[in-house]
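The structure under discussion appears below in the form of structure tokens.
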Amino acid sequence: MIRLLALLALLAATQAHAQAPAWKPTRPIELVNPAAPGGSVDLMCRSLKKFMEDNKLADQPINVLYKTGANGAIALEYVNQQGSGETVLAVTHTLLSIGLTGESKHDWRDLTPLGILFKEFHVTAVRVDSPLKTGKDLIEKMRKDPSSISYGFFGNRGNHLHLAAAIPLKAAGVDIKQMTNVPYRSGPEAIAAVLGGHLDVALVSAVNPAGNVQSGKMRVLTQTTPVRGGGYLKDIPTWKELGVNIDYATAQGFMGPKTMPPEAVPYWEGVLARFAKDPEWQKLLERSLWENAYMTAPEMRKYYETEFANVKSVLEELGLTKQ
């Protein structure tokens, strides 16, 4: 009799759970953008907003909220203060480093993974009349004197773009601690500095110098892709082709606050899974020279754990870790 009662109780609980309505937003949705308008993170946020609205995936208003500054720390703090299922953070590789560099008390480990959507690759661009004609020229010169070439990139030292320069050069035998790094407020600003003769090299997202390359103003020496990308990248050697067994990408997607209700995670996983297959999103990926790299929440966590260990190792060598 006791066993029978226990079985009936279990069946009742299972049935009640099965009939429980799925979680859905009950207040306005916030897609929090830690970067300035116009960049890759912004395009991802605005594209997701439109997709959700067009497909009526929420009964609540959907807003892109800009919380820029401090290399993403301001946005991270804001999202965790909300603690709800309706507020999510657009994330990049910067969240792997800001805790290690001391720019924030928190990092990706203080968030709830929801999914990755794409990978962005980076290129090394110079003015067309630069004495650096090839990627091998760059490697040879920096092996001899790492400080002789000024490298410009968006954001602070230790961020994902700094690492996009440092990781391949380290593998090429360059003393990356001696590099001359010049942070800029954006990739296009670094490109303008190269074109103006104020900077030797711009390390930027692959799409940034496309127009200047096609107009004959710039030359790209190498790309961080595992194989040559599309568009103008088909003519650019990868680091692997230069004898450096490295590829590097920054993955972008979404995370929720650490205290996000567990029942909200499947909702966002479902939204991102549908969005990843959207034809308009696929067209944007191709135009932007991004790689479709959809990952579920568990896959994202595993990927970040591996990337975090790699980033920590390089930052320690650069002497930039604070913890």
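The values are calculated or read from the model by the stated rules, or taken from the named source; none is laboratory data. Since we're looking at a predicted model, the values are computed, not measured. Cβ atoms come from the backbone with ideal geometry, glycine included; neighbour counts cover every protein chain shown.
Summary of values
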| quantity | calculated |
| --- | --- |
| All positions within region 113-165 that are aliphatic (A, V, I, L, M) and within 21 Å of residue 315 (Cα to Cα) | 123, 139, 142, 149, 161, 163, 164, 165 |
| Residue in region 126-137 that is assigned to a strand (DSSP E or B), of a type outside the set (Asp, Glu) and either modelled with pLDDT of 95 or more or surrounded by fewer than 21 Cβ atoms within 10 Å (Cβ to Cβ) (or both) present | yes |
| Matching residues in region 292-317 - criterion: being surrounded by 14 or more Cβ atoms within 10 Å (Cβ to Cβ) and not in a helix (DSSP H, G or I) | 293, 294, 295, 296 |
| Yes/no for residue 81 being at pLDDT 95 or above and surrounded by fewer than 19 Cβ atoms within 10 Å (Cβ to Cβ) | no |
| Filter result for residue 75 (touching a strand residue (DSSP E or B) at 6+ places or on another chain (Cβ under 7 Å), buried (at least 18 other Cβ atoms within 10 Å of the Cβ), of a type in the set (A, V, I, L, M, F, W, C) and at pLDDT below 95) | yes |
| Failed criterion for residue 254 (all others in (1) surrounded by fewer than 20 Cβ atoms within 10 Å (Cβ to Cβ); (2) within 18 Å of the chain's Cα centre (by Cα); (3) not small (Gly, Ala, Ser) hold) | (1) |
| Extreme residue, farthest from the chain's Cα centre (by Cα), among residues of region 23-49 that are at pLDDT below 95 and aliphatic (A, V, I, L, M) | 36 |
| Index of the failed condition, residue 151 passing every other in (1) under 27 Å from residue 41 (Cβ atoms); (2) touching a Phe, Trp or Tyr at 6+ places or on another chain (Cβ under 9 Å) | (2) |
| Counted residues, region 239-275 - those being in a loop (DSSP other than H, G, I, E, B) and under 27 Å from residue 226 (Cα atoms) | 8 |
| Sole residue being among the hydroxyl-bearing types (Ser, Thr, Tyr) and closer than 26 Å to residue 267 by Cα, chosen from 101, 134, 87, 68 | 87 |
| Residue that is modelled with the highest pLDDT, among those in region 180-207 that are more than 16 Å from residue 162 (Cα to Cα) and surrounded by 20 or more Cβ atoms within 10 Å (Cβ to Cβ) | 194 |
| Sole exception among (1) closer than 20 Å to residue 201 by Cα; (2) in contact (Cβ under 8 Å) with a residue 12 or more places away in the chain; (3) surrounded by fewer than 18 Cβ atoms within 10 Å (Cβ to Cβ); (4) not hydrophobic (A, V, I, L, M, F, W, C) for residue 280, by number | (1) |
| Qualifying residue in region 176-196 (condition: of a type outside the set (A, V, I, L, M, F, W, C) and on the phi > 0 side of the Ramachandran plot) | no |
| Filter pass, residue 225 being buried (at least 18 other Cβ atoms within 10 Å of the Cβ), out of contact with any strand residue (DSSP E or B) (no Cβ under 9 Å at 6 or more places or on another chain), in a loop (DSSP other than H, G, I, E, B) and of a type outside the set (A, V, I, L, M) | no |
| Tally, over region 110-137, of residues that are free of Cβ contacts under 8 Å to residues at least 12 places away in the same chain and either outside the structural domain of residue 148 (by TED's automatic domain parsing) or among the small types (Gly, Ala, Ser) (or both) | 0 |
| Residue check, residue 190 in contact with a Phe, Trp or Tyr (Cβ under 7 Å, 6 or more places away or on another chain), under 25 Å from residue 35 (Cβ atoms) and not polar (S, T, N, Q) | yes |
